[in-house]
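Taken together, the values in this text are just the output of simple stated rules run on the coordinates, not laboratory data. Note that the structure is predicted; figures quoted are calculated from it, not measured. As a convention, Cβ positions derive from the backbone with ideal geometry for all residues, glycine included, and neighbour counts pool all protein chains shown.
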Amino acid sequence: IYSCCYLSRRLNQLSSHDPLWKRHCKKYWLISEEEKSQRNQSWKAIFISTYCDLGRYIRYYATLKKAWDDLEKYLGQRCPRMIGSLKESVREEDLDAVEAQIGCKLPDDYRCSFRIHNGQKLVVPGLMGSMALSNHYRSEDLLDIDTAAGGFQQRLGLKQCLPLTFCIHTGLSQYMALESVEGRNKYEIFYQCPDQMARNPSAIDMFITGTSYLEWFTSYVNKVVTGGYPIIRDQIFSYCPPFCRYVHDKDCVATTGDITVSVSTSFLPELSSVHPPHYFFTYRIRIEMSKDALPEKACQLDSRYWRITNAKGDVEEVQGPGVVGEFPIISPGRVYEYTSCTTFSTTSGYMEGHYTFHCLYYKDKFFNVTIPRFHMVCPTFKVSTARMVSGGARILMKYGCVLYQETNHNEYAVDEDEDSTDTDEYEDRRRVLDIPAPSGRCPRHT
């Protein structure tokens, strides 16, 4: 519209017609009537002044501003402490200075987001989700631009990668590749996963969590504000791909009589590895009795039965008393939830089974409640180019992930190990990953 004003007097008059600019102000800059009144400017003046400041981000600004606004509104009602940790926007010259410091260009969608909010303070809980499992805890902060620049990597294995998040408990970060090097795509976002079987310290595999900052951030916000992740004790409990947060399949629900069981699953990158193949999953189970059930339907859980199948079709059966050391009582309207975990040496698998209950009013009456089948799938990953070069590997595709197979004398495939059993291998797994072992044990298959 602005360019048209120079073509003729009539177009000049039309381009000054303020209602024409109103639509563009709302579409590109999300300017409300209230904000216009506060600024005491015409729609045209607001559009032009905003464009002079944020014009390079016109493709992204409305999408990211809406995501931030939606997130602030949602968290303001549920996690006010987290809202207080958000930082104000940065200036354009601050972002330019960071680019000069690290010697790489920042993508415009990333820059645009930081013109709205400069990440958050290094606090708990983190904006990018928390995870609590037995004595394992993770909470990821969205890093401000200066902290991110301080963690910019030039070492082999993570060359030209910028951290986006950080967990002060585990040291875990999600990185964004600023260049297409070491087998990564430009602007790809991932969790690093050191290759425990390679002698080369630069051999780092990657669990992919996003293809761009815009997609990564907005998909997370959408999941939060639509209630996809539970808010517990003023923090977002979110755990599966694309960001390793719990994902609930609406079809993964089974009702037996008055009792409904539903399951959400999660993949934990910080407790997983590609080499050796060890994929760590958690699942959160919700057991609920209908509020319309009769009082005499109250019952207590006695035991559990699991049938666990990995991607190769190998089946393992597990039985045991209670769940996570408890024997919950379920009565009309009551909900019981718990979290447990399992590991696979294949990139996917599924579990199903049943709980055995006894009635409280008729103690000799026992019955089974179905646990619906739920699937666990490792996110897409890429193997280290350093390992592929040093080991003479050839690329394979399996289970939707990039795999490889050695071509040396000791041929090795990523899914050849035997699957886990009901014995607790959690302590051994921690040692393999070189993570300090926790004081307790992780309940598995409970």
Got the relative contact order for the range 61-224 handy, in percent, Cα pairs under 8 Å and 6 or more residues apart?
17 percent
Taking the Cα centroid of the range 318-378 and of the range 121-167, what is the distance between the two, rounded to the nearest whole Å?
34 Å
By how many nm would the segment from S32 to N200 lengthen if fully extended, with 0.36 nm per residue of separation less the alpha-carbon distance?
54.9 nm
Taking the range 63-216 as the region of interest, what is the percent of Cα-Cα pairs per 10 angstrom bin, listed from the shortest bin to the one with the maximum distance?
11, 38, 36, 13, 2
Among all the lysines, which ones have a C-alpha under 27 Å from K365's C-alpha, if same-chain residues fewer than 8 places away are not counted?
K291, K297
From Cα coordinates alone, what are the radius of gyration and Dmax values for the range 246-379 in angstrom?
15.9, 53
How much net charge surrounds F166 when only the other residues with a Cβ under 9 Å from the Cβ of F166 are counted, with Lys and Arg +1 and Asp and Glu -1?
-2
